[in-house]
Amino acid sequence: MGQSMEFCHRNKNFSIKLPEDGALELYVDGCLRKSRARGRREPQYVWTNIELEWEEHQYIEARYWSGSGQLEVRVNGEILFAGHVTD
């Protein structure tokens, strides 16, 4: 089943998914941009650039510590979400 968290940043939709296989996935407008398989090192890390109006770019990144269930999502270095996600 896994988990999914939906976000909207300046009219651009993106989501962070934690499927049952332990991967960390970053989707923008429903399309997979980055995926990181679960490994021995923490945190898992995914990132992408998105283009907004007038060729303005925003940097989205997510870090997930599977051992503690902590997820952190940032846009241009500013925290958008930081918290514990449960299975």
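Descriptive notes on the structure:
- Pairing residues of segment 63-87 that are closer than 17 Å to LYS17 by Cβ with residues that are loosely packed, with under 13 Cβ neighbours inside 10 Å, at Cβ distances under 7 Å and at least 6 apart in sequence or on separate chains, gives GLY69/HIS84; GLY69/THR86; GLN70/HIS84; LEU71/GLY83; GLU72/ILE79; GLU72/ALA82.
- Hey, LYS12 over 13 Å from the mean Cα position of the chain (by Cα), open to solvent by 40 Å² or more (accessible area, probe 1.4 Å) and among the basic types (Lys, Arg) or not: yes
- Only listed residue being at pLDDT 90 or above and either over 12 Å from the mean Cα position of the chain (by Cα) or open to solvent by less than 80 Å² (accessible area, probe 1.4 Å) (or both), chosen from LEU32, LEU71: LEU71
- If the condition is being without any contact (Cβ under 8 Å) to a residue 12 or more places away in the chain and in contact with a Phe, Trp or Tyr (Cβ under 8 Å, 6 or more places away or on another chain), then segment 9-33 contributes no residue at all.
- Spans of strands (runs of 3 or more DSSP E) in segment 19-58 with at least 3 residues among the aliphatic types (A, V, I, L, M): 24-28
- Given (1) modelled with pLDDT under 95; (2) in a strand (DSSP E or B); (3) open to solvent by 50 Å² or more (accessible area, probe 1.4 Å), index of the condition ARG63 fails: (1)
- Candidate set from segment 74-87 (those that are outside any strand (DSSP E or B) and farther than 15 Å from TRP47 by Cα); member that is most open to solvent (accessible area, probe 1.4 Å): ASP87
The values are calculated or read from the model by the stated rules, or taken from the named source; none is laboratory data. Values in this document were obtained by computation on a predicted structure and should not be read as measured data. Counting neighbours? That spans all protein chains shown, and the Cβs are built from the backbone with ideal geometry, glycine included. Ligands, DNA and RNA are stripped out before the accessible areas are found, and what is left, the full protein with its side chains, is counted by its heavy atoms. Shrake-Rupley method; radii C 1.70, N 1.55, O 1.52, S 1.80 Å.
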